[in-house]
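Undergrad: Structure below; questions to follow.
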Amino acid sequence: MSSSGNLLEVRDLKMHFPVREGIFMRASKFNKAVDGVSFSIAPGETLGLVGESGCGKSTLGRCITRLYKPTSGQILFQDQDISTISPRALKPVRREIQMIFQDPMESLNSRHTVGEILVEPLVVQGIGNSASRHKRVAELLDLVGLPARSVTRYPFEFSGGQRQRIGIARSIALNPKLIVCDEPVSALDVSIQSQILNLLIDLQQELKLSYLFIAHDLAVVKHISDRIAIMYLGKIVETGPGESIYRDPQHPYTKSLISAIPVPDPHHRRGRVVLRGDVPSPINPPSGCSFHTRCPYATGICSQQTPVLMNHPGSHKEVMAACHHIGAPAPL
Amino acid sequence: MTPMTSTARPILQLNNLITEFDTDEGRVRAVDGVSFSVNAGETLGIVGESGCGKSVTAQSIMRLLPQPMGQIVGGEILFDGQDLVSLPLEQMRRIRGAKIGMVFQEPMTALNPVHTIGRQLAEVLLLHKKITRNEALRQSVDMLDKVGIPSPDIRVGEYPHQLSGGMRQRVVIAMALACEPKLLIADEPTTALDVTIQAQILELISDLQRDMGMAVILITHDLGVIAETSKNVVVMYAGKVAEQGTVYEVFDNPSHPYTQGLLASIPRLDTPPKAKLAIIPGMVPGLLDLPVGCRFENRCAHRRDTCLAAPPPIEHISDTHRLSCYRWREIAPVRLNTGGSAT
């Protein structure tokens, strides 16, 4: 356990992908997918990460699982900085940090049976013998609510929801402490989505898991998370307890994001803040506050100075937002 | 168009539509007895999960079923009083794109990557209107302007890949609306888009609808989108209509166990975190082995022997509110909406 009591602590993490151009493929520009992100996750806690396509949320998740090697910054997992360690040193860490992907059809090997898929992490990490591994596979299937006979079947024989259960079973096979869930329910139908969300919540309580839950659907993220972080163009613009952020959003982007979510209640009439324009490219993000090109509150300072993520007077004490104009009156 | 004429009569009326597909494993009935009507200036939402038949219903209306597998085997599709089911293909072509416009989920596949935006827009106009090429190009620029594309005179010469997803969907909408259709069928038009872009596109569709007085059929899996945009809603399950009515009837007083389950299972912003979500156990039956009785029978908590014997008939709760369930009178109503909670 970390001295701060956190399982994971991320400090000023950056992931800049080189954009290679020209005949010499020189990296003249960088795609700043993640550009200075800091957050922490306590044991048993869920941090929800929300944002639109291209905001860098998936890249951030892949840095935490070290599928990517970050450009700079620290990823402290149980006090150990894993941001730059070698593949060999990473192997024991991989037991502790697992990942669930959006499309289980693409993340499960279609030529392997469910039994082979689930036993593989145990074999790779050299855990147990053949008999104990088979016992573990049966246990895993039971935990995620799949029949024991699934062992000999192939992923294509299952529906989307069941495949996601296989993906979840694989991710908990090694008793990890942290699971990075990257859009785990976005490809599923509504009635199946709730089954999977309930399963994730149950498993968390049973196995004392921490989640980094990445999704674009704020309602889903708020439902499963203790705290949430809103990302825009590689930066966290607001973070805090889900309930406070939903009740009293501080950042103009958060406000527009919440107001854009269609509510399944025909009586609900909102004052919608419809944002103009598209998300700018992370290759050449706007100067200062990267949201200023779409922000209804933007003034001169916004294009010059990058706002700092901090607590503002009048908001919940755990809520932090990065904006120059918090508390300013609404624009015309 | 004035409100008086816009609510006068249905522009589209489906009576007992039945559509079947030939598959390797046998013939399946993808749409089974769907009836609804849409008036001019109104939006009808069709909601349901994968495989419920909502897209096949749209393809049937457009007569764009995959050939030769898909076939309309029964029912009527009355568009402006004319039955589209028996219409010769030649005449159907004149209706498609001119009187009925379409918008699909993935704008990139609806646009031709090797032609400019302007050429594709002009093609629609030249096909359906007697105008010159120059006039068509000028009208294309106007359309792009109307759907909110900045500097339309420059964009008209660009290719689809040069535009963002939201912009491409605007172009597809411009194409669908170029000939001022009486009906727009939008099949998951915002599913591939981010929420802030979705809000823009939904606002655009409703603005244009108001200007042109057209009817809209909006097909989506998102109950929030339906609640926000539609006057009436059809809830489909495994090829049949489970429940239909005005959005107020269906969302305030969902009476079919499937609708109740669907509405209860979505996480909402105002529910407490980590609360157990209601679930619908099991999954949708395959079209090849549909239950003999009610199609929802294997997932329904209210199932009785009667439900297994034969499909439930369509019953009326009100003139507009209909459903197909044997036991709706005995089932406790589910109230989910607080009624007028605005943020």
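Undergrad: Given +1 on the Cβ of Lys and Arg, -1 on the Cβ of Asp and Glu, and no further charges, what dipole in debye does the protein assembly as shown carry about its Cα centre, rounded to the nearest 20?
TA: 1120
Undergrad: Here's a follow-up. What list of ³J(HN,Hα) couplings, whole Hz, do you get for the range A:30-39 from phi and the Karplus terms 6.51, -1.76, 1.60, once you set θ to phi - 60° and write x for glycine and proline?
TA: 10, 8, 7, 4, 10, 9, x, 10, 10, 6
Undergrad: Check the straight Cα-Cα distances from A:LYS69 and name the lysines below 19 Å, setting aside those fewer than 8 residues away within the same chain.
TA: Once the sequence-local lysines are set aside, what remains near A:LYS69 is A:LYS14, A:LYS29, A:LYS32, A:LYS57, A:LYS91, A:LYS235.
Undergrad: Let me ask something else about it. Along the Cα-to-C-beta direction of B:LEU308, a point sits 7 Å from the Cα; which residues of the range B:234-263 have their amide N less than 14 Å from that point?
TA: Under cut-off, by backbone N: nothing.
Undergrad: Could you do me a favour and compute the accessible area per residue for the range A:209-332, 1.4 Å probe, result in Å²?
TA: Per residue, the range A:209-332 has an accessible area of 39 Å².
Undergrad: Now a separate question. In terms of the ratio Rg/(2.2 N^0.38 Å) built on C-alpha atoms, what value belongs to the range A:140-276?
TA: Dividing the Cα Rg of the range A:140-276 by 2.2 N^0.38 Å gives 1.22.
Undergrad: Here is a further query. When we measure straight from the Cα of B:LYS274, which lysines land under 18 angstrom away, once same-chain ones fewer than 8 places off are left out?
TA: Here the lysines satisfying the reach criterion relative to B:LYS274 are A:LYS208, A:LYS222.
Undergrad: Next up: With every protein chain kept in place and ligands, DNA and RNA left out, what is the accessible area per residue of the range B:35-190? Probe 1.4 Å, answer in Å².
TA: Solvent-accessible surface per residue comes out at 43 Å².
Undergrad: How much length is gained on full extension from B:SER318 to B:VAL73, taking 0.36 nm per residue of separation minus their Cα-Cα distance?
TA: 85.2 nm
Undergrad: At the nearest 100 Å², what buried accessible area, both sides summed, do you get for A and B when the probe is 1.4 Å?
TA: Roughly 4400 Å² of accessible surface disappears when A and B pair.
Undergrad: Per residue of the range A:138-154, what does 6.51 cos²θ - 1.76 cosθ + 1.60 with θ = phi - 60° give for ³J(HN,Hα)? Whole Hz please, x for Gly and Pro, Karplus curve as stated.
TA: 4, 4, 4, 4, 5, 4, 9, x, 10, x, 4, 5, 4, 3, 8, 9, 9
Undergrad: Can I ask one more? Taking the C-alpha atoms of chain B, how large are the radius of gyration and the largest Cα-Cα span, Dmax, in Å?
TA: 21.0, 68
Undergrad: Ok, one more. How large is the Kirkwood hydrodynamic radius of chain A, in angstrom, based on all distinct alpha carbon pairs?
TA: Kirkwood radius, chain A: 21.3 Å.
Undergrad: Relative contact order for chain A using alpha-carbon pairs under 8 Å, separation at least 6, rounded to a whole percent?
TA: Value for chain A: 19 percent.
Undergrad: Using a 1.4 angstrom probe on heavy atoms only, work out the carbon and sulfur share of the accessible area of the protein assembly as shown in %.
TA: Result for the protein assembly as shown: 53 percent of the exposed heavy-atom area is carbon or sulfur.
Undergrad: Okay, which of the range B:117-145 sit inside 17 Å, backbone N to the point 7 Å along the Cα-Cβ direction of B:ASP153?
TA: Correct set: B:118, B:134-145.
Undergrad: Please compute the Kirkwood hydrodynamic radius over the protein assembly as shown, one decimal place, Å, based on all pairs of different Cα atoms.
TA: Final number for the Kirkwood radius of the protein assembly as shown is 27.1 Å.
Undergrad: Right, next: Could you work out how far apart the two model spin labels at A:ASP248 and B:GLU25 are, taking each label as a point 7 Å from the Cα in the direction of the beta carbon, and quote it in nm?
TA: 5.5
Undergrad: Still on this structure, I have one more. Taking H as built 1.01 Å from N, whose amide H comes closer than 5 Å to the amide H of A:MET99, not counting residues under 5 places away?
TA: A:VAL180
The values are calculated or read from the model by the stated rules, or taken from the named source; none is laboratory data. As the structure is a computational prediction, the values presented were derived from the model and not from experiment. Positions of Cβ are backbone-derived with ideal geometry, glycine not excepted, and every protein chain shown enters the neighbour counts. Please note that ligands, DNA and RNA were not included when accessible areas were found on the heavy atoms of the full protein model with its side chains. Shrake-Rupley method; radii C 1.70, N 1.55, O 1.52, S 1.80 Å.
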